C-alpha cells in the first residue's frame, strides 16, 4: 500500500434479495482495492445473509458470487468483518458463514468508522 492510499470501509447492509446490488458492491470493492487502497468490508444487518450459503450448504462456490468472495484475498482484502449482533438477531453463528470473517462487537463499529477515511454504505 502506498503512502497516498486511503482507508475505505464498505458497509454491506442488504440481503441477497436486493438483486444485483451485492455484485455491484463487490465490483466497487475490487476496483478500490486494485488502486492500492486499504479496504475493510463489514457485513451487518441483513447483509450478513450475503455470507450464508443457500439451503445450509457451507461452500462459497455454492453461491453465484462465491468465487468473487474468494477473490478478496487475491485483492489483498484481508479485513472482512461481521457484526456479531446482526448474526445473533438472525439466529446465525460464525459457523454458518461460507468465508472466514472476524466477528465485531456492536460497540466496536463506531471505532471502525473513525479509523477509515472513506465510508461506502451498500
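Below are the figures for this structure:
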quantity	calculated
Considering residues of the range 2-15 that are surrounded by 12 or more Cβ atoms within 10 Å (Cβ to Cβ) and free of Cβ contacts under 8 Å to residues at least 40 places away in the same chain only, the residue farthest from residue 101 (Cα to Cα)	5
Residue that is modelled with the lowest pLDDT, among those in the range 26-54 that are under 12 Å from residue 98 (Cβ atoms) and part of a helix (DSSP H, G or I)	54
Residue in the range 58-67 that is within 12 Å of residue 120 (Cβ to Cβ) and modelled with pLDDT under 95 present	no
Residue satisfying all of: in the range 88-120; at pLDDT below 95 and under 13 Å from the mean Cα position of the chain (by Cα); surrounded by the most Cβ atoms within 10 Å (Cβ to Cβ) among these	97
Residue within the range 70-83 that is surrounded by 15 or more Cβ atoms within 10 Å (Cβ to Cβ), more than 19 Å from residue 109 (Cβ to Cβ), modelled with pLDDT under 95 and out of contact with any helix residue (DSSP H, G or I) (no Cβ under 9 Å at 6 or more places or on another chain) present	no
Any hit, the range 16-24, residues being in a helix (DSSP H, G or I), in contact with a strand residue (DSSP E or B) (Cβ under 8 Å, 6 or more places away or on another chain) and at pLDDT 90 or above	no
Residue count, the range 84-101 (criterion: under 15 Å from residue 50 (Cβ atoms) and in a helix (DSSP H, G or I))	4
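The values are calculated or read from the model by the stated rules, or taken from the named source; none is laboratory data. Keep in mind that this is a model prediction, so the values were computed, not measured. Don't worry about glycine lacking a Cβ; one is built from the backbone with ideal geometry, like all the others, and counts go over all protein chains shown.
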